[in-house]
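Remarks on the structure that follows.
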Amino acid sequence: MIRCAAFTRTFAGALTCPMPLFRSLIPSLIPSLLLLLAGLAQAEQALQLTAELNSPASVSFRTVPQAAEPLLLPDPSREVKDDLPPIPTIDLTTPPDDLWQRMRNGFSMPDLDSPLVADRQAWYLNRPDLLKRIFERSRRYLHHIVGELEKRGMPTELALLPVVESSFNPMAYSSARALGMWQFIPATGKTYKLQQNAWFDQRRDIVASTGAALDYLQTIYEMHGDWHLALASYNWGENAVGRAVAKNKAKGLPSDYSSLKMPVETSYYVPKLQAIKNIIAQPQLFGISLDPIPNRPYFGIVERSGNMDIALAARLAEIPVEEFIALNPAYSRPVMPSAANSPMVLPAGKVQTFLANLQDHEAQDKPLSAWLTHNLKKGEKLESVASRYGISALRLKQLNGINARTKLTPGFALLVPGKDAFGHDALAARLPQTPASPPKATKWNKKGKAGKPIAKGKRVTVKIRKPAPKPKKR
């Protein structure tokens, strides 16, 4: 037992006190007694623990608890059956064989769901022959357009915009004087560096016009931050769309595409593209059979350094003149001038053929152009010039793009065939020509349907987009 001197003295003193005094001290002593007792217990326990640790015989080992049974994992060799069908996956790391699928993989524009989309969808589906012709024509150009969109990180459904604009016809010409597959008016074409003169018009050029169109689409998307508004701007003009958006915001109204007040043609514009997108996305759902398009370049580009006859280029490439013009629709004359500074486009499989034949042609010291220039003299008639070079006056006019508005003055340069020129009869009927005046405007009714051409002399407002301070389409 541990002795505490303080406790002994206190307790002994209390015993010698008279009883009444002892009783009065008890309440004040109880807390001290309790603390002392607790201290004694702790001290005794500490001494016992020290003694055990110092004794070798008292050393013991703590028993380690037995480990729990290991978790049983499923046997990987056993087949786990699942009644649910597997989730279809798309491998985006391997390029698809079909260009249509590659395009679908890049669809990223928000879908538009409206009665107008269903209306345009039904319109296209009721014209399967038209769709077939458009898609067949697009095979030449789609791979290039999709590739350019992917380089810029743009939605690939924009590759279908020429369906709405021109039915993929690079010769298309509108009442607003818009020309080519992407339908540029002259002013906007010049803004985007598309050259236009009597020899060639790059608004019809496949490579140049595609680059310009995507530049313009990027500009108006960055302006509005919305693809539907950007497309409305492409059709109606970005300034007109900007005013319509500001007007709705001032009234506290929504400013999205479907909420804007716009011309009937523009209100149907994005629904047309959405309808075509829906058909391409799920052709089997609509009973449409899409012929696969190989996911490889349709054409290659060959640089030129001098004038070259169109007929000769087609012959060296061993392709029909019609195919050559379809890939090089910018040229309006039988000769591709070096001033155009525009590359020549050939089917991908014919590039090496062309280069080999060109080398043989130049090795024989043959010219690349057999056409001559005849400057019209004062009082000289076209009929006499045509007779001199063995062609008809009609052919001479066609080959030089002469129409009723052309002013024939002394010194006017006429292209006439030299002795080695060939194919001018076929060329005269196939060379792209820009008409002297645009076709009559089509009046759109409130249902978005094209009516009859407007009668001459009848007053009507035709929406022709004028150039704006910022780049602007049509």
Subset of segment 178-191, residues surrounded by fewer than 19 Cβ atoms within 10 Å (Cβ to Cβ) and touching a residue at least 60 places away in the same chain (Cβ under 8 Å), comes to Ala187
Give me a count of the residues in segment 294-323 that are among the basic types (Lys, Arg) and either assigned to a loop (DSSP other than H, G, I, E, B) or within 22 Å of Lys397 (Cβ to Cβ) (or both).
-> 2
Search segment 400-415 for residues being in contact with a Lys or Arg (Cβ under 8 Å, 6 or more places away or on another chain) and modelled with pLDDT of 90 or more, and hand back the single one that is nearest to Phe200 (Cα to Cα).
-> Asn400
With respect to Pro294, is the statement that it is crowded, with 21+ Cβ neighbours inside 10 Å and within 29 Å of the chain's Cα centre (by Cα) true?
-> no
Working only within segment 173-185, note down all residues that are among the aromatic types (Phe, Trp, Tyr) and in a loop (DSSP other than H, G, I, E, B).
-> Trp182
Residue pairs meeting the criteria (Cβ under 8 Å; at least 6 apart or on separate chains; first within 15 Å of Ala230 (Cα to Cα), in segment 246-259; second charged (D, E, K, R) and surrounded by 13 or more Cβ atoms within 10 Å (Cβ to Cβ)) | Asp256/Asp226; Tyr257/Asp226
Only one of these is touching a residue at least 12 places away in the same chain (Cβ under 8 Å) and either within 21 Å of Leu427 (Cα to Cα) or of a type outside the set (A, V, I, L, M) (or both): Gly349, Gly300. Name it.
-> Gly300
Residue check: is Leu273 under 24 Å from Pro115 (Cα atoms), in contact (Cβ under 8 Å) with a residue 24 or more places away in the chain, touching a Phe, Trp or Tyr at 6+ places or on another chain (Cβ under 7 Å) and not small (Gly, Ala, Ser)?
-> no
At pLDDT 65 or above, in a helix (DSSP H, G or I) and touching an Asp or Glu at 6+ places or on another chain (Cβ under 9 Å), is that true of Arg133?
-> no
Can you pull out the helices (runs of 4 or more DSSP H) entirely within segment 192-277 that have at least 1 residues that are buried (at least 20 other Cβ atoms within 10 Å of the Cβ) and in contact with a strand residue (DSSP E or B) (Cβ under 7 Å, 6 or more places away or on another chain)?
-> 206-224
Where Ala393 falls short, out of the listed (1) assigned by TED's automatic domain parsing to the domain that holds Gly423; (2) in contact (Cβ under 8 Å) with a residue 60 or more places away in the chain | (2)
Cβ-Cβ under 6 Å pairs, at least 6 apart or on other chains, segment 210-229 side assigned by TED's automatic domain parsing to the domain that holds Phe107, far side among the aromatic types (Phe, Trp, Tyr) and in a helix (DSSP H, G or I) = His228/Tyr257; Leu229/Tyr257
Checked Pro170, Pro162 against criteria (buried (at least 22 other Cβ atoms within 10 Å of the Cβ), in the same structural domain as Leu112 (by TED's automatic domain parsing) and in a helix (DSSP H, G or I)); the one match is Pro162
Need at least 2 residues that are within 13 Å of Val302 (Cβ to Cβ) and more than 33 Å from the chain's Cα centre (by Cα) per element, so show me which helices (runs of 4 or more DSSP H) inside segment 324-412 make the cut, counting only ones lying wholly within it.
-> 351-363
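The values are calculated or read from the model by the stated rules, or taken from the named source; none is laboratory data. Here the structure is a predicted model, which means the values were calculated and not measured. Here the Cβ is made from the backbone with ideal geometry for all residues, glycine too, and neighbour counts use every protein chain on show.
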